[in-house]
Amino acid sequence: MGLTPRQIDALAIAEMIAMGEGFRAFHGAEDRPEEPDLDEFYRALAEARGG
């Protein structure tokens with residue numbers, strides 16, 4: 001994230017958490033697709049296996 005070890009040592013816990021959340025949001029970690037239900041999963045698995 002561009003910080004030196006000394007800068008990281010000087011951060012408060014709340015600052016570290018905020019930086020981590022911002023980093024994840026910037027890199028798209030918040031944009032998760034909806035999870036399929038179990039039936040959809042098994043249907044897709046069967047199609048992928050050719051059945």
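The values are calculated or read from the model by the stated rules, or taken from the named source; none is laboratory data. For clarity, every value in this text was computed on a predicted model and none was experimentally measured. Using ideal geometry, Cβ is built from the backbone for each residue, glycine included, and neighbour counts are taken over all protein chains shown.
Out of the residues in segment 41-51 meeting the condition of being in a helix (DSSP H, G or I) and surrounded by fewer than 10 Cβ atoms within 10 Å (Cβ to Cβ), tell me which one is farthest from the chain's Cα centre (by Cα).
Restricting attention to segment 41-51, the residues satisfying the condition of being in a helix (DSSP H, G or I) are 41-48.
Filter once more, keeping what is surrounded by fewer than 10 Cβ atoms within 10 Å (Cβ to Cβ): 47-48.
Values: E47: 28, A48: 26 Å.
The selected residue is E47.
Does segment 4-24 include one or more residues that are at pLDDT below 90, in a helix (DSSP H, G or I) and loosely packed, with under 10 Cβ neighbours inside 10 Å?
no
Which ones in segment 27-40 are surrounded by 10 or more Cβ atoms within 10 Å (Cβ to Cβ) and over 21 Å from the mean Cα position of the chain (by Cα)?
Result: E40, single match.
Residue-by-condition table, conditions (1) in contact with a helix residue (DSSP H, G or I) (Cβ under 9 Å, 6 or more places away or on another chain); (2) at positive phi; (3) touching a residue at least 60 places away in the same chain (Cβ under 8 Å); (4) of a type in the set (A, V, I, L, M):
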site	(1), (2), (3), (4)
L3	yes, no, no, yes
A10	no, no, no, yes
A14	no, no, no, yes
I17	no, no, no, yes
F23	no, no, no, no
R32	no, no, no, no
E40	no, no, no, no
R43	no, no, no, no
A48	no, no, no, yes
